[in-house]
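Report on one structure; see the data block that follows.
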Amino acid sequence: MNIFRFVGDMSHLASFFLLLAKLIYTKSSTGVSLKTQALYLTVFVCRYLDLLVAFVSWYNELMKIFFIAASAYIVYVVATSTRNSNASDTYRVEFLVIPALVLACFVNETHWSKGGWSLNVMEILWAFSIYLEAVAVLPQLKMLHQLEDTTNITMHYMASLGIYRAFYLLNWVYRLYYEGYWHPIAVVAGIVQTLLYADFFILYYQSVLLRLPS
Amino acid sequence: VRAALGKDEL
């Protein structure tokens, strides 16, 4: 575990606490895209199926369980929020899910010559989760651009997700150099995912960091 | 099983 990976993970963890704080303390899910949160839940469930068959470390196990549980809770809260104005949550997610699934069927890390079919299905689902995570923020980004009164905490949530992605890129550079670690599917999808946040960070800079006190 | 299908990241 290098420092870049750890900072990335902590930023990812912080994003959950920021979103949970927003939902619990403001008692409102306004500005939170249910579609993005449902996509993240799908991502974590598909990727962490290996919880059932492999043990890496307690750190990994606990983080995976937390990510699944927290995103499931967030989806539940946002979906059942009576004051949720989801009129602007209009992204057509089938345009994200179906291409990600098709791509995962063709570009994945399966080794059909070894391992059972279930492990290879898990590999396809792992690739699917990587592709889906790369684009899962798009419904949330669309909402941010449409809503005027975006609360700062939602913006900080997005910023911590963007920082998480950026540090994972640094982590991959470090691991490639020092460990020869190379998962091109994750790296290419990670670059795409980080680039999507570049658009957000311009918005963040203009609307949060440059916002004049009123 | 090869550790997490060779994947140790989140």
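At a glance:
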{"read-out": "Span per principal axis, largest first, for the Cα atoms of segment A:113-214 (Å)", "value": "64, 31, 17"}
{"read-out": "Packing-based exposure ordering (other Cβ within 10 Å, fewest first) of A:K27, A:K142, A:K22", "value": "A:K27, A:K142, A:K22"}
{"read-out": "A:R5, A:R165, A:R92, A:R47 arranged by Cβ crowding within 10 Å, fewest neighbours leading", "value": "A:R92, A:R5, A:R165, A:R47"}
{"read-out": "Coarse-grained scattering of the protein assembly as shown at q = 0.08, 0.12, 0.15 Å⁻¹, given as base-10 log I(q)/I(0) from a Debye sum over alpha-carbon atoms", "value": "-0.29, -0.66, -1.03"}
{"read-out": "Sequence of A:F55, A:F67 once ranked by neighbouring C-beta atoms within 10 Å, starting from the fewest", "value": "A:F55, A:F67"}
{"read-out": "Total lysine pairs whose alpha carbons fall under 24 Å of each other in segment A:1-146 (8 or more apart, or interchain)", "value": "7"}
{"read-out": "Alpha-carbon spread of segment A:106-173, three principal axes, descending order, Å", "value": "54, 27, 16"}
{"read-out": "Normalised contact order of segment A:96-176, rounded percent, pairs of Cα under 8 Å and 6 or more residues apart", "value": "26 percent"}
{"read-out": "In order through segment A:21-30: 3J(HN,Hα) via Karplus (6.51 cos²θ - 1.76 cosθ + 1.60), integer Hz, x for Gly, Pro", "value": "4, 4, 5, 7, 7, 8, 6, 8, 10, 4"}
{"read-out": "Relative contact order, percent, chain A [alpha-carbon distance under 8 Å, six or more residues apart]", "value": "33 percent"}
{"read-out": "Segment A:1-109: proportion of alpha-carbon pairs further apart than 25 angstrom, %", "value": "33 percent"}
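Just so you know, all these numbers are worked out from the coordinates, no wet-lab data involved. Owing to the predicted nature of the structure, the values given are computational and were not obtained by experimental measurement. In this analysis, Cβ positions are derived from the backbone assuming ideal geometry, glycine residues included, and neighbour counts consider all displayed protein chains.
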